[in-house]
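Trainee: Below you'll find the structure I mean.
The values are calculated or read from the model by the stated rules, or taken from the named source; none is laboratory data. These numbers come from a predicted model, not from an experiment. Reconstructed Cβ throughout: ideal geometry from the backbone, glycine too, with neighbour counts over all protein chains shown. Surface areas here come from the heavy atoms of the whole protein model, side chains and all, with no ligands, DNA or RNA. Shrake-Rupley method; radii C 1.70, N 1.55, O 1.52, S 1.80 Å.
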Amino acid sequence: MKKVLHVAIALLVLALSSMPAAAGYKEEYKLSVVPGATSGWGLSATYFADLVAKKTDGRIVIKPYFSSQLLAGKQTSEFLMVRNGAIDFALASTINWSPQIKELNLPALPFMLAMEPDRYKALDAIEAGKAGKMMIEAIEKKGVKIIGWGENGFRELTNSKRAVATPADLKDLKIRVVGSPIFIDAFKELGANPVNMNWAEATTGFQQGVVDGQENPVNGICIPVKIWNYHTYLTNWHYLIDPLLLGVNPKVWASFSPEDQKILLESAAEATLYSKAIARIGMDNGESLAYLKSINMVPEIADPFGFLTGNGMTVIQLTPEQTKAFYDATAPVRERWVPQIGEDLVKAAEADMASV
Ligand code: X2X
């Protein structure tokens, strides 16, 4: 009897050791995305998932769930759900995780980057620099592993009522904003009437005229949702940047073999380049378009502002003086939020930007 048992154990050990590393993997990993599949970040999530499937020969299957499906529509719950393992991965906006991680309000400090001579360079320097590291550490300390950046884009203002070129033009406009307090604070300071609304309900809100306007990136969100069907005016004011973060539940991360972790990091790095490029088409010095051409992903729309104008929108491009007026008008918001974000982090970001 004892001998039979020994043989059985030996066979079991042999069977286990000859199994592929993927044996303990889930059949599917859920990746949360707040907006829809055709949004910039929806496309970036698909790009990442496809790369991972290809590079792991199907060992790791990541399925993006779009339109806040995994969140019952409530986008500010996403961080907690990735942390507790209800969701495996998220390509997430810092905005939606900022209610839990105050450091993530840094990119939402109004007009911090709009005044920079090259706002994309400034942003890249922050992400690659000390401030980026500090933000990632803050998230990881609270329980989600970060494997890469992405980009929703600089958030621009659209509305159905009037051309907005000065702070006074915003007076009493009802603007839909996300459920993150700094947004309410910024729009109140500018004299507007901000209204919290999840993105899942926002387009219905625009259609019904519940609000007069909203703020979202042009390439990533405004064009995919055909914002011209609701709003006539777009102010290209770059008032804040919406970086994305590719996060993963730490237990899920630890379950991957070192080889697969390496593949995931490489895929995240490629997805970062892709995500930034599609957010920046027609808005940078042409680098993004050249990159997309180099990977055979030439976009349909290379001139987003021309495209919006062609669809009947009036695009207001602010002069540096006009931007400065908004910068000055929002100084009290920055003063109130810098201590909450952390003086050290803000100083690190300023030093990162100054280094380019
Ligand atoms: O809700 C928004 O505006 C969106 C889709 O951009 C975010 O999730 C931050």
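Trainee: Restricting attention to region 326-337, report how many residues are under 23 Å from ASP118 (Cβ atoms) and in contact with a Leu (Cβ under 9 Å, 6 or more places away or on another chain).
Mentor: Matching residues across region 326-337 total 3.
Trainee: Another question about this same structure. Filter region 149-170 for residues that are touching a Gly at 6+ places or on another chain (Cβ under 9 Å) and either over 23 Å from CYS222 (Cβ atoms) or open to solvent by less than 10 Å² (accessible area, probe 1.4 Å) (or both) and give the result.
Mentor: GLY150, GLU151, ASN152, GLY153, LEU157, THR158, ASN159, VAL164, ALA168, LEU170
Trainee: Identify, please: which residue in region 155-209 is in a helix (DSSP H, G or I) and of a type in the set (Ser, Thr, Tyr) and is, among those, farthest from ALA329 (Cα to Cα)?
Mentor: Initially, region 155-209 is screened for residues in a helix (DSSP H, G or I), giving 167-170, 181-189, 199-207.
Applying the additional criterion that residues be of a type in the set (Ser, Thr, Tyr) yields 203-204.
On the way: THR203: 29, THR204: 31 Å.
Applying the filter and picking the extreme gives THR204.
Trainee: For THR330, work out the one condition from (1) over 30 Å from THR38 (Cβ atoms); (2) touching a residue at least 12 places away in the same chain (Cβ under 8 Å); (3) open to solvent by 40 Å² or more (accessible area, probe 1.4 Å) it doesn't fulfil.
Mentor: Evaluating THR330 over (1) over 30 Å from THR38 (Cβ atoms); (2) touching a residue at least 12 places away in the same chain (Cβ under 8 Å); (3) open to solvent by 40 Å² or more (accessible area, probe 1.4 Å) leaves (3) as the failure.
Trainee: In the set THR272, THR235, THR319, THR323, which member is of a type in the set (S, T, N, Q), without any contact (Cβ under 8 Å) to a residue 24 or more places away in the chain and either open to solvent by less than 30 Å² (accessible area, probe 1.4 Å) or farther than 24 Å from ALA37 by Cβ (or both)? Show your work before the answer.
Mentor: Values: THR272 fails: without any contact (Cβ under 8 Å) to a residue 24 or more places away in the chain; THR235 fails: without any contact (Cβ under 8 Å) to a residue 24 or more places away in the chain; THR323 fails: without any contact (Cβ under 8 Å) to a residue 24 or more places away in the chain.
THR319 is the lone residue from the list that is of a type in the set (S, T, N, Q), without any contact (Cβ under 8 Å) to a residue 24 or more places away in the chain and either open to solvent by less than 30 Å² (accessible area, probe 1.4 Å) or farther than 24 Å from ALA37 by Cβ (or both).
Trainee: Considering each of ASN216, ASN198, ASN249 in turn, give the residue that is crowded, with 17+ Cβ neighbours inside 10 Å and touching a Cys at 6+ places or on another chain (Cβ under 7 Å). Show your work before the answer.
Mentor: Numbers: ASN198 fails: touching a Cys at 6+ places or on another chain (Cβ under 7 Å); ASN249 fails: touching a Cys at 6+ places or on another chain (Cβ under 7 Å).
Of the residues listed, the single one that is crowded, with 17+ Cβ neighbours inside 10 Å and touching a Cys at 6+ places or on another chain (Cβ under 7 Å) is ASN216.
Trainee: Further, regarding this structure: Can you tell me which residues in region 148-196 are of a type in the set (Val, Ile, Thr), without any contact (Cβ under 8 Å) to a residue 40 or more places away in the chain and under 15 Å from PHE206 (Cα atoms)?
Mentor: To start, the set of residues in region 148-196 that are of a type in the set (Val, Ile, Thr) comprises 158, 164, 166, 175, 177-178, 182, 184, 195.
Those left that are additionally without any contact (Cβ under 8 Å) to a residue 40 or more places away in the chain: 177, 184, 195.
Listed by number, the residues that qualify are VAL177, VAL195.
Trainee: Which of the residues belonging to region 201-210 are within 12 Å of the ligand (Cβ to nearest atom) and free of Cβ contacts under 8 Å to residues at least 60 places away in the same chain?
Mentor: Going residue by residue through region 201-210, those that are within 12 Å of the ligand (Cβ to nearest atom) are 201-203, 205-206.
Residues satisfying the conditions are ALA202, THR203, GLY205, PHE206.
Trainee: Return yes or no: is THR166 of a type outside the set (A, V, I, L, M), within 12 Å of the ligand (Cβ to nearest atom) and modelled with pLDDT of 95 or more? Don't jump to the end; show me each part of the working.
Mentor: Numbers: of a type outside the set (A, V, I, L, M): yes; within 12 Å of the ligand (Cβ to nearest atom): no; modelled with pLDDT of 95 or more: yes.
The answer is no for THR166.
Trainee: Return the residues of region 145-159 that are charged (D, E, K, R), within 12 Å of the ligand (Cβ to nearest atom) and touching a helix residue (DSSP H, G or I) at 6+ places or on another chain (Cβ under 7 Å); say none if nothing qualifies. Give the derivation first.
Mentor: Start the filter on region 145-159 by keeping residues that are charged (D, E, K, R), which leaves 145, 151, 155-156.
Now drop any that are not within 12 Å of the ligand (Cβ to nearest atom), which leaves 151, 155-156.
Across region 145-159, the qualifying residues are GLU151, GLU156.
Trainee: Here is a follow-up. Has region 113-124 got any residue that is over 23 Å from THR330 (Cβ atoms), more than 15 Å from the ligand (Cβ to nearest atom) and modelled with pLDDT of 95 or more? Step through it out loud before you land on a result.
Mentor: Of all residues in region 113-124, those over 23 Å from THR330 (Cβ atoms) come to 124.
Subsequent filtering for residues that are more than 15 Å from the ligand (Cβ to nearest atom) retains 124.
Cutting the leftovers down to modelled with pLDDT of 95 or more gives us 124.
Checking region 113-124: at least one residue is over 23 Å from THR330 (Cβ atoms), more than 15 Å from the ligand (Cβ to nearest atom) and modelled with pLDDT of 95 or more.
Trainee: Only one of (1) of a type in the set (Ser, Thr, Tyr); (2) under 26 Å from PRO304 (Cα atoms); (3) surrounded by fewer than 23 Cβ atoms within 10 Å (Cβ to Cβ) fails for SER257. Which number is that?
Mentor: (2)
Trainee: Could you please give the count of residues in region 219-230 that are among the β-branched types (Val, Ile, Thr), open to solvent by 10 Å² or more (accessible area, probe 1.4 Å) and more than 10 Å from the ligand (Cβ to nearest atom)?
Mentor: Residues flagged as among the β-branched types (Val, Ile, Thr), open to solvent by 10 Å² or more (accessible area, probe 1.4 Å) and more than 10 Å from the ligand (Cβ to nearest atom) within region 219-230 amount to 1.
Trainee: Let me ask another. Restricting the search to region 127-147, which residues are within 27 Å of TRP199 (Cβ to Cβ) and open to solvent by 10 Å² or more (accessible area, probe 1.4 Å)? Please lay out each step first, then the result.
Mentor: Just the residues of region 127-147 that are within 27 Å of TRP199 (Cβ to Cβ), to begin with: 127, 131-132, 135-136, 138-140, 142-147.
Selection gives GLU127, ILE136, ALA138, GLU140, LYS142, GLY143, LYS145, ILE146, ILE147.
Trainee: Determine which member of the set SER32, SER98, SER77 is closer than 21 Å to PRO224 by Cα and within 13 Å of the ligand (Cβ to nearest atom). If you could, list the steps in order and put the result at the bottom.
Mentor: Details: SER98 fails: closer than 21 Å to PRO224 by Cα; SER77 fails: closer than 21 Å to PRO224 by Cα.
The match here is SER32.
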